[in-house]
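Visitor: Structure in structure tokens, see below.
The values are calculated or read from the model by the stated rules, or taken from the named source; none is laboratory data. Fair warning: this is a prediction, and the values are worked out from it, not measured in the lab. Counting neighbours? That spans all protein chains shown, and the Cβs are built from the backbone with ideal geometry, glycine included. Quick note on the areas: whole protein, heavy atoms, side chains included, nothing else; ligands and nucleic acids left out. Shrake-Rupley method; radii C 1.70, N 1.55, O 1.52, S 1.80 Å.
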Amino acid sequence: MEDFEKLGVFYLGKEYDLKNAQLKDGLLLYDSKDLLTHAVCVGMTGSGKTGLCISLIEEAAIDNIPSIIIDPKGDLGNLLLTFPNLRGEDFLPWINQDEARQKNMTPEEYAQKQAETWSKGLASWGQDGARIQKLRNAVDFVIYTPGSNSGIPVSILKSFAAPEPQVMEDREAFASRISSTVSSLLALVGIQVDPIQSREHILLSTILDQTWRKGEDLDLASLIRQVQTPPVKKIGVLDLETFYPSKDRFSLVLALNNLLASPGFSAWLEGEPLDINQILYTPQGKPKIAIFSIGHLSDEERMFFVSMLLNQVLGWVRTQSGTTSLRAILYMDEIFGYLPPIANPPSKLPLLTLLKQARAFGLGLVLATQNPVDIDYKALSNTGTWFIGRLQTERDKVRLLDGLEGATAASGMVFNRQQMETIISGLGSRVFLMNNTHEDVPEVFQTRWAMSYLRGPLTRDHIKKLTDPIRDQYASQRAGGSGQAAMAAGVAAVTGAVAVTAAAGGPPALPPEISTCYLPLQKRASSGDSLIYMPYLYGSARVRFVNTKLQLDEQKDLFCLTPITDEIVVVNWDQTTATDIEPGDLEKSPEEKAMFHALPSDGVKSKSYASWSKGFADWIYTTQKLELLQSPGTGIISKPDETERDFRIRLQQSTREMRDEAAEKLQKKYATKIATLEERIRKAEQAVDREKDQAKQAGFQTAISLGSTILGAFTGRKIASKSNLGKVATAARGAGRTSTAQQDVARARETLETYQKQLEDLKVGFDTELEKQAAKIDPAAEELASVAVNPHKTDIQVQVFTLAWAPFWKNETGIVTPAFTRE
């Protein structure tokens, strides 16, 4: 069998002879880069559509490509049923007990039978348990269950958060996000609306627009409050009360509040946030196969969640760099109802946008359906690959051919409708037609044996059993504290639980040379707390890090706080902490009714600040360095503030791009040589055939000539006549020519064998070079080197240095806590 473990290709099956209903020798190897132009898979129940798509996901996983899978039927959870040891006891918990009873077998016997079937099936397609283990080692598998805790629950709160800056800056994308979010939310509460005519849609869209443009997040509770008291006085040119009176708005408030108050809705607010970067990769940077099981949801809930998810994926796509290699896959197991030809459900707009734009950022969409009639084929006209399986009705076939003809025309390929119709009519189970715009002709193939155990839809109990081993791991990740909270704890540690003496009224009088500002109040007080301002030094600096050897030139902005204390060393730079408060956030006046801690005597001297400013620059020079990670295999260096996880993720994509580029160069390098040798082999085969014919003809003529001569010599009157002697000589020369012809055949065969050997050696050389490329770098396992770059003193620019009064809350027991940080 041909080696299918090639870089950047997916082993999907074998070529199939439809006329003779038998497999061919050639493997169906699908170039992963072709998936950048997306794929559609169509086939009725029993066609093998799910098995084909699962095989595609498995191949991508082995290539360390993560996937997001939307699973409305529960079949895709089978991806977690992979058993490298192929033992009956591994299959036992997942078998269909009813099928075992129907076959008069005990569960143990049936499980063993399934294990044997899978083992033989895999072997017949050149696979084994080692390849299953390779799959399991390459990625993590997880099943998410929005609105349920049977799998890993999902929180939709992030769906109401302000979009990424890249989305905000794109007017069309921003408007699309708002419209889709509002439409799906209203559909969830049973309000079907027209985005242009509906007052509900226009008001909610206005609220989201106003809030998000300020960079503020929303949740459902705050959205309800803003419907009651909108942040605008006018909608268009009409007063708010004229456009949508408060009495009428209350109906919308009730609908949204009923949703929030419903017992089951709390499950939508708990669990993993819809952060696509976290969904696609583990905290260690390992790719994930993230399956969103939505079979338990109502139609309205499915539409709501799928629309939210698609919007988040679209936002993530816009934050990625452009690439020519596959970065991730989004697979929808059934697009019926989500991409209709006429209606415009909330899911349609983000889907259309992804189909148009996602390819440039490395996201490939795979859309599957068993209902080929009610699909917007115009939207799929730019889809590069169509996998077509057995169809149920003639109407399905006609509708599909219409869509496929449009897609083929858009790609510039010639479409033979009659040929396609004949092929599609002859397709059987697990036999598919692949129409790939990146290939010259369509290909019929049979799908390979899936490595995952295809037991059918998983129940909630199955999902819970698969999820329980990793549930605590995901819960602990969500419980991790934020950097902001850590910073607050650090500042609080400076003050401790000391008794603070403060005076009411304004801040102390200071010389005009000393600039003063106030940190913004972020955290509100508990009952009985009093507000106290304490003196700090606020410093803002821009630091440049340059290393010509590493071709590095980066700059970093620092914002720091250092307390001014009553200790002998008034300003201790070891107590300096970083803050996210930028100069533009500083305020010019304090909160009302606040007290101020006494300022040490050095704090009222202007010369102290000049000395402290120099000390701040010296502290930066001695303590601040740019600590980066470097991949020894590629030389790629991490970005400032890029975590090891994010760097490894970026490194995976970079190495994939380098691999694809190297493979493409190798293909070009060998393609001409291979084509030349194949042409020589073709001619050599023709030469062998020609020499064979000539040798056969020469032998035939020699036999006739020699036979006639002998016969004439014995029947003629003059046995030793001159004529007979001449004929014998002529026949002898003919026999010599026959011998020469046989030698020509042998030489032609030797030439053919030489060329065939050269071609075989050339292909071995190609595979060897390809394997060397694969062995060069393993981004997930490579040991990264640490690189530290220190700044030069001349590259430190202190931009702001000022006395800053920091607000603290002091409770009745004297405990002081920062009021300028969010927890």
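Visitor: List the lysines whose Cα lies under 23 Å from the Cα of Lys73, skipping any in the same chain that are fewer than 8 positions away.
Guide: Lys49, Lys288, Lys348, Lys464, Lys465
Visitor: Label-point separation (nm) for Glu812 and Lys665, each offset 7 Å from Cα along Cα-to-Cβ?
Guide: Here the answer is 7.5 nm between the modelled labels.
Visitor: So for each of 171-181, 442-452, 546-556, 101-111 I average, over its residues, the number of other beta carbons within 10 Å; can you give me the resulting order with the highest mean first?
Guide: With the highest mean Cβ count within 10 Å placed first, the list reads 442-452, 171-181, 101-111, 546-556.
Visitor: Sum up the lysine pairs in segment 121-265 that clear both bars: alpha-carbon distance under 26 Å and a spacing of 8 or more or different chains. Before the final figure, lay out the partial values.
Guide: Numbers: Lys158/Lys214; Lys214/Lys233; Lys214/Lys234; Lys233/Lys247; Lys234/Lys247.
The number of close lysine pairs in segment 121-265 is 5.
Visitor: Fully extended, how many nm does the chain gain between Leu254 and Glu554 (0.36 nm per residue separation, minus their Cα-Cα distance)?
Guide: Values: separation 300, 0.36 × 300 = 108.00 nm, distance 5.25 nm.
Fully extending the segment from Leu254 to Glu554 adds 102.7 nm.
Visitor: Setting aside same-chain residues fewer than 8 positions from Lys103, which lysines have a Cα under 19 Å from its Cα?
Guide: Lys113
Visitor: A further question follows. Val373: net charge of surrounding residues, Cβ under 11 Å, Lys/Arg +1, Asp/Glu -1, itself excluded?
Guide: Numbers: positive: Arg395, Lys397, Arg399; negative: Asp374, Asp396, Asp402.
It works out to a net charge of 0.
Visitor: Separation between the Thr622 and Lys356 pseudo-spin-labels, each 7 Å from Cα along Cα→Cβ, expressed in nm?
Guide: The two pseudo-label positions are separated by 5.8 nm.
Visitor: In addition: In segment 591-688, how many lysine pairs have Cα atoms under 25 Å apart, counting only pairs 8 or more places apart or on different chains? Could you put the intermediate results ahead of the total?
Guide: Details: Lys605/Lys614; Lys614/Lys625; Lys625/Lys639; Lys665/Lys673; Lys668/Lys683; Lys669/Lys683; Lys673/Lys683.
Total qualifying Lys-Lys pairs in segment 591-688 comes to 7.
Visitor: Something else now. Could you tell me the distance between the Cα centroids of segment 326-352 and segment 142-199, to the nearest Å?
Guide: Here the answer is 14 Å between Cα centres.
Visitor: Add -39500 (n - 2.57) for each DSSP H run of 4 or more in the chain, then divide by its residues: what number comes out at 222 nm, to the nearest 500 deg cm²/dmol? Don't skip to the answer; put the middle values down first.
Guide: Working: 21 runs with 358 residues, N = 823.
Rounded to the nearest 500, it is -14500 deg cm²/dmol.
Visitor: To one decimal place, what orientation-averaged projected area in nm² is obtained for the convex hull of the Cα set of segment 60-128? Could the numbers behind the result be given before it?
Guide: Details: hull surface 23.5 nm².
Approximately 5.9 nm², given one-decimal rounding.
Visitor: Considering every Cα-Cα pair within segment 314-446, what fraction, in whole percent, is farther apart than 24 Å?
Guide: On the way: 2728 of 8778 pairs.
When all Cα pairs of segment 314-446 are counted, 31 percent exceed 24 Å.
Visitor: Next question, about the same structure. Would you please give the residues with an amide H less than 5 Å from that of Val40, counting only those at least 5 places away or on a separate chain, with H modeled from the backbone geometry?
Guide: The list, which skips near neighbours in sequence, is Leu367, Thr385, Trp386, Phe387.
Visitor: I need the phi-derived Karplus couplings for segment 10-16: 6.51 cos²θ - 1.76 cosθ + 1.60, θ = phi - 60°, integer Hz, Gly and Pro marked x.
Guide: For segment 10-16, the Karplus curve yields 10, 7, 9, x, 10, 4, 10 Hz.
Visitor: OK, next. Under 5 Å between amide H atoms, partner at least 5 residues away or on a different chain: which partners does Leu330 have, H built in plane at 1.01 Å?
Guide: Amide H neighbours of Leu330, under 5 Å, 5+ apart: Ile68, Gly364, Leu365, Val366.
Visitor: Heavy atoms only, probe 1.4 Å: what % of the accessible area of segment 69-112 goes to carbon and sulfur, would you let me know? Can you show the working numbers first?
Guide: Details: 900 of 2060 Å².
It is 43 percent, rounded to a whole number.
Visitor: Counting only residues 5 or more places away or on other chains, whose amide H sits under 5 Å from the amide H of Gln392 once H atoms are built in the peptide plane?
Guide: Met44
Visitor: Taking the solvent-accessible surface of protein heavy atoms with a 1.4 Å probe, what is the per residue accessible area of the chain in Å²?
Guide: Numbers: 39580 Å² over 823 residues.
Value returned for the chain: 48 Å² of accessible area per residue.
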